[in-house]
Structure formats: structure tokens, C-alpha cells
Amino acid sequence: MAQHHSTPDIVPLLGRGRHRTMRKGACFMEMASYLAGEKWSDHPRCTHPLLAELARDVNDAVSDTARQRLAPMIPDVVGLTPADPRADAWLARLCTLAALPASPLATQRVAAVGLLRCESVLAQLESRPRGDLSPTAQAALATVPDAAAWARLFVRDVGIPAGRHGERSFGRQTGTVIVRACVRGIAQSTGGDPETLLLDLLAQGIDLCRHADDRTTGDWTPHDWTPHDRTADDQTGRPGPVAPSTG
């Protein structure tokens, strides 16, 4: 279970990129390293690596004003390191589901390929038939038929790596590429409120990891975990709770 740490009364304004010391400023994950009592770093050990990647990418993609709204989430990532081997694919999958309806066509294609890759990894890890897609993935791809068709042709021609080695390297390699591309695509969206979408995506990634790290949930598999609209808490301005979709 993730530990909960309080945010210091006085913290530097969050900024883009790395900072050598707190006096120079801080990004989201650097503040997390400070709260965890680790060496100052934007790659601390206290947070699941792909969740930390998502936090860094969102931190750097939003404006200075929106970035300060991330601060209340920082304590929640400290100690959040689910050991479930599916956590990488779950996180990357969440990002693809958020990016598909909100991104330019080029990113939609990357996200669609990423979604197929995530589903393939989860099928392998859960001993399901190769190519088995969850209902949520099928529904998401149906909303972007051009990108979905392109992705299926790409996978047919290039293939999807199989085997345990590909699953182990997913988070370090493919998952990182998927998360970065999806965050960039959402940030480039010309419709809606992309910054709020990105803040919500990070909050949902934290919730997902918290559920995956909760040993009381047993064999929890979020096949239908999807991005949801979130309601801000009146006191903190922080997004409210999210729950797995039922269909």
C-alpha cells in the first residue's frame, strides 16, 4: 500500500525540466524525491518508473499556471511502487485511451499501435489468447477507425514482440515511448482543455497504481479502466476519485 506524505508548508514553484538543487526550482518528481528523503533527483526510487515518467512528461507539457495544480498530487506518488508486472501495461494503456480521442491523427496512430501493444502484453501475462482485446480497447479503437486501421496494418507488417523478454522490457522501452507520445499528443490538441486532460490523466495514473498496489484487492485486473471526467475538490482544487468503468 502506498504511504502518504504531507507536502511541506513552503515549496518552490514547480518548473519544467531538471534542477540541480531546490534553490534552482523543482519539478514534480524532484519534489517527490525530497519528500521521500532520497537524493535530489527527477528519477527517484520511491515511485513506479512509468508513473514517474508520466509525471515528468505532464509536468513539462503544461503551462506554469497549470503546473502548480500538480503540487497536491506529489505526496501520493511517494512509496507508490506496485510490483504487479502488469502495472506498466496498465499505465501505458490508460494513456492511449486518453490520447485517442484528443490527439492529432499522427498521435492517434501511435496511440492505437500502443493500445494494441498493451493489450498483447496483458494477454500474455494473463494467459489469454494472443490478439484478445478487451471491450474497452475495442470501443476506443472504433471511435478512431482511420487510426485503428493504420495501426492494425502496422502491427500486421511489423509485428508485436512476443515472449517474456518483451514483457520485461516493456516498461523501460515501449511503455516509455507510448506515455511520452500520448502526453505530447494531448498537449497538442486544439479542442477542449488539454491541460486539464493531462492533470486528470496523471491523477488517474496515481489512482490506478494505488489500486494495483492495494494487496486487499486480490487479483485485480482493470480491463475496463478508462479515463473519466473528474470533479475538483472544493477545498484543494485537486481532482476527485476515479473508479474503473463497468463497461
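The values are calculated or read from the model by the stated rules, or taken from the named source; none is laboratory data. Worth saying up front: this structure is predicted, and the values here are computed from it rather than measured. Cβ atoms come from the backbone with ideal geometry, glycine included; neighbour counts cover every protein chain shown.
Report whether or not PRO129 is of a type outside the set (Val, Ile, Thr), touching a residue at least 40 places away in the same chain (Cβ under 8 Å) and surrounded by fewer than 22 Cβ atoms within 10 Å (Cβ to Cβ).
Details: of a type outside the set (Val, Ile, Thr): yes; touching a residue at least 40 places away in the same chain (Cβ under 8 Å): no; surrounded by fewer than 22 Cβ atoms within 10 Å (Cβ to Cβ): yes.
Taking the combined requirement at face value, the residue does not satisfy it.
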- Query: So is VAL77 in contact with a strand residue (DSSP E or B) (Cβ under 8 Å, 6 or more places away or on another chain), on the phi < 0 side of the Ramachandran plot and either among the aliphatic types (A, V, I, L, M) or at pLDDT 90 or above (or both) or not?
  - Reply: yes
- Message: Of everything in the stretch 29-40, what is at pLDDT 90 or above and in contact with an Asp or Glu (Cβ under 8 Å, 6 or more places away or on another chain)? Give them in sequence order.
- Response: MET29, GLU30, SER33
- Task: Would you point out the residue of the stretch 198-225, among those that are within 19 Å of ALA55 (Cα to Cα) and surrounded by fewer than 20 Cβ atoms within 10 Å (Cβ to Cβ), that is modelled with the lowest pLDDT?
- Result: ASP213
